[in-house]
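Take a look at the structure set out below.
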Amino acid sequence: MPACIVPSSWGVIVLNMLKSWFVCIACFLGLSVGNPSFALVLPIQSGFQAQVVGQGLQYFVDADGRSSLENVIQASGWETIAGTQASFGFDERVYWLKFYVENASANRHELLIELPNIYLDQIDLYVLDEQGKRLEHQISGDQRPFKMRAVQHARYIHPLTLPQYQQRAVYIRVASRSSLSIPIQVWNRDVFLVQDFKSTVALGIFFGLLLILGIYHLVVAASTQDDSGLFYALFILSIFVIFAYRAGVPASLMVDEYLPSTELATILAMALTGFSFCLFFSRILKVKQASPKLALLLNVAAVMAILPLMAYVFVDYSLVVRLSLAYSLVLISLFSWVLLQRVMDGYPPAIHMIIGGSFGIAGNGLSIIIALNLVNLSLVTEALIYTCNAIMAIFFALTISYRINMDVILKNEAQHERTQALDELVRKRTLELERINEKLHRVSITDGLTGLYNRRYFDEKLRTEYNRAYRDRVALAILLLDIDHFKMINDTHGHGFGDLCLKTMADVIAPCIRRP
């Protein structure tokens, strides 16, 4: 941000941006009101909008991943989930999910089944009629080509046509190396389109904000040579990459074939996020000046951020994710401790960092507990994560602006003090030089032996006094004194005695001069 106080127009923009996010959250909350549990059969009535598939959802564990749909249908090991969402943690086994959708009205319904967790590797959705005949087989997932999806959307969307007074069985096969959090929501197609438009606008605001902040601070860092702005820009652009993959943007733009996979891109961006934020945090709070040991600790933490990326080459992805989550928890604790220390030091930007840091901890902490299956992934939690990170980015940018303003003020004050000190030094040196010049001038116009004025002084005064006499029309008199027989004194008694005579004569003459 620029090194100035944010003008009122920027304040209006920020307030409108926050207002848009809260409106989107309210929309999400409005669509999620009600009990998400629905039993094994989901009834579709007239006016149906959306329903989260919760309690009553059944699942089957396919240990070797080789079971076909027919084998799964006949299997007896089906269980019912205990919570409100299918979440199985980090488990590389294949899971099958089953529920039924029944049209209890005389109207035909066009539905959409959404699986919003973009990190699921393979999804196979089967639709069976009332006689158990397979009607559709739709595939999606992060490891599947985007063009093979039934609905080419950033999230995993599967259409379902439900004729009047008929029932359909839905079987979903899921396999993934990441956390098996499998939120499922059934939408009315028209309601989904309206809601998807709102979500797209909100995401556009979010990604536009991150891009503007990141690119702007790159330019500022290049022009001011301020490395805190550089590391902030890298941090924001890394978050942009994480959330772009989280929202399925590369796949929806049909450029995923030319970019790293979601797994690799996420691990790479997380490593760069931790690395850049450690250095940004250290620079913006000037930790090195306050505590070199804490600064060294942050540098070590920055290097450790690269370790999960290096481990990705050698160990399983799920283990890398766990390492990244553990590192995030350690990092949050470290940042909290350093921030507390700087607040106790009375460093003003630390107080401003608390606000942005609190939102960052809230948003990223929510992501961590979702990955640990402590909280369900939903539209509301997603909106909160995006909102917290947006507010964090804004407050960190404002902190940079505040720090720059503070540095400018302190620099001006220091410059003013240096100027005053320099002026005082110059004044003293000038006075001293004047005294020296005066002394030198006195020496130059004074005879060294007698202490009387010399011929040079006479030449200066003659001109001045002549001009004065001419101007005032008065006489000008000159008195000449000569010492008789002075040469004989020098020849008889020596030049030393002659000099003594000259000094004695000067002592006699000097008191006789009573006017300037």
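Structure notes:
- Gain in span if fully extended, Glu92 to Cys512, counting 0.36 nm per residue against the direct Cα distance: 139.3 nm
- For peptides 325-336, 497-508, sequence by mean Cβ density within 10 Å, most packed first: 325-336, 497-508
- Between the range 74-94 and the range 374-402, the alpha-carbon center distance in angstrom: 31
- To the nearest 10, the accessible area of Ile306 is 60 Å² with a 1.4 Å probe.
- At R0 = 56 Å, FRET efficiency that the Cβ-Cβ distance of Glu102 and Leu410 yields, to 0.05: 0.20
- Spacing of the two label points (7 Å from each Cα toward its C-beta) at Leu433 and Lys288, in nm: 3.9
- Distances between placed amide hydrogens fall under 5 Å for Tyr453 paired with Asp447, all partners being 5 or more residues away or on another chain.
- Charge dipole (debye, nearest 20) of the chain; +1 at Cβ of Lys and Arg, -1 at Cβ of Asp and Glu: 1480
- Partners for Lys198 among lysines (Cα-Cα distance below 26 Å; same-chain residues under 8 apart left out): Lys19, Lys147
- Accessible area per residue in Å² at 1.4 Å probe, computed on the range 402-444: 86
- Per residue, the convex hull spanned by the alpha carbons of the range 256-407 comes to 124 Å³.
- A value for percent of Cα pairs over 35 Å apart was derived from the coordinates, and within the list (i) 54; (ii) 40; (iii) 36 it appears as (i).
- Solvent-free Debye scattering, log10 I(q)/I(0), computed from the Cα coordinates of the range 84-237 at q = 0.11, 0.18, 0.19 Å⁻¹: -0.58, -1.09, -1.16
- Atom-type composition of the exposed protein surface of the chain places 62 percent of the accessible area on carbon and sulfur (1.4 angstrom probe).
- P(r) of the range 333-470 over all Cα-Cα pairs, binned every 10 Å from zero, in whole percent: 10, 18, 15, 11, 8, 8, 8, 9, 7, 5, 3, 0
- Fully extending the segment from Tyr453 to Val194, taken as 0.36 nm per residue of separation minus the present Cα-Cα distance, adds 82.7 nm.
- Cβ-based charge dipole, the chain, positive-most Cα from Leu307, Gln415, Ser228: Gln415
- Structural descriptor for the range 59-100: relative contact order 67 percent, calculated from alpha carbon pairs under 8 angstrom and at least 6 residues apart.
- Leu42 long-range amide H proximity, modeled H, under 5 Å: Tyr100, Val101, Glu102
- In a fully extended conformation the segment linking Asn467 and Gln55 would gain 136.6 nm over its present Cα-Cα distance, using 0.36 nm per residue.
- Taking the charge dipole of the chain about its Cα centre, with +1 at Lys and Arg Cβ atoms and -1 at Asp and Glu Cβ atoms, the residue from Gly214, Ile242, Val191 reaching farthest to the positive side is Gly214.
- Spacing of the two label points (7 Å from each Cα toward its C-beta) at Ile332 and Asp316, in nm: 2.5
- The range 150-261, accessible area per residue, ligands and nucleic acids excluded (1.4 Å, Å²): 41
- When peptides 293-301, 409-417 are ranked by their average number of other Cβ atoms within 10 Å per residue, the highest-first order is 293-301, 409-417.
- Cβ crowding within 10 Å averaged over residues, with 422-429, 168-175 ranked highest first: 168-175, 422-429
- Distance between the range 444-516 and the range 158-218 - C-alpha centres, whole angstrom: 110
The values are calculated or read from the model by the stated rules, or taken from the named source; none is laboratory data. Since the structure is predicted, the reported quantities are computational estimates derived from the model, not experimental observations. Positions of Cβ are backbone-derived with ideal geometry, glycine not excepted, and every protein chain shown enters the neighbour counts. Accessible surface is based on the protein model in full, side chains and every heavy atom, while ligands, DNA and RNA are left aside. Shrake-Rupley method; radii C 1.70, N 1.55, O 1.52, S 1.80 Å.
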